[in-house]
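Asker: I have a structure I would like to understand better, so I am pasting it below and will then ask my questions one at a time.
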Amino acid sequence: MAIRRLRYVNDPILRKKSREVTKIDDRIKILLNDMVETMYENEGVGLAAPQVGILRKVVVIDVGEGILKLINPEIIEKEGESLDIEGCLSVPNRTGKVLRPERVKVKYLDIDGKEKNIEGTGLLARALCHEIDHLNGILFIDKVIEEV
């Protein structure tokens, strides 16, 4: 495993849409493991592949309940609203209040290629939305209601 170089707010790669993963091979598994290590090294709770310069639909999340590795994640249900403060490893020294769903259901593939669903509320729902936004070239600063 290796620490990957983070990309920051003015890097054009962060504004591009990621491509779907069609084959889960060793390169994707190594990428996911490197992303976990990079996320922990930088004290984040989530990381999307574009943040390390790779335009593939993969994210890692750990909100304190163990590591999640999601391939081709897609929000299939959302419910409620929650306004809370967010930050981002790719946008250092900035935080802001962002309105997100209180609950989401996400469909994804695990590292064995099995389709799974995960439901999240609170911080997990927020992290899922935040990381999936990265895969579509959207940063949290695009959705900030009020900087804090």
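Asker: With a 1.4 Å probe and all protein chains left in place, how much accessible area per residue does the chain have, in Å²? Walk me through the numbers before you get to the answer.
Answerer: Numbers: 7780 Å² over 148 residues.
Here the per-residue accessible area is 53 Å².
Asker: Mind jotting down a quarter of the surface of the convex hull over the alpha carbons of region 17-148, in square nanometres, one decimal? Could you put the intermediate results ahead of the total?
Answerer: Values: hull surface 29.4 nm².
Here the figure is 7.3 nm², rounded to one decimal.
Asker: Continuing with this model, one more query. With r as the distance between the Cβ atoms of Ile145 and Lys17 and R0 = 25 Å, compute the FRET efficiency 1/(1 + (r/R0)^6) and round to 0.05. Before the final figure, lay out the partial values.
Answerer: Numbers: r = 24 Å, r/R0 = 0.98.
Here the calculated transfer efficiency is 0.55.
Asker: How large, in percent, is the carbon and sulfur part of the accessible surface of the chain at a probe radius of 1.4 Å? If you can, show how the numbers build up before the last one.
Answerer: Details: 3570 of 7780 Å².
Solvent-exposed carbon and sulfur of the chain make up 46 percent of the total.
Asker: What percent antiparallel are the DSSP beta bridges of the chain, to the nearest 5? Provide the component values of the computation, followed by the final result.
Answerer: Numbers: 29 of 30 bridges.
That works out to approximately 95 percent antiparallel.
Asker: Work out the charge dipole of the chain with +1 on the Cβ of Lys and Arg and -1 on the Cβ of Asp and Glu about the Cα centre, then indicate which of Gly120, Tyr8, Gly80 is farthest towards its positive end.
Answerer: Tyr8
The values are calculated or read from the model by the stated rules, or taken from the named source; none is laboratory data. Every value quoted in this text rests on a predicted model; they were computed, and no experiment measured them. When we count neighbours, we look across all protein chains shown, and the Cβ atoms used for this are built from the backbone with ideal geometry, even at glycine. To get the accessible areas, we keep the full protein, side chains included, count just its heavy atoms, and leave off ligands, DNA and RNA. Shrake-Rupley method; radii C 1.70, N 1.55, O 1.52, S 1.80 Å.
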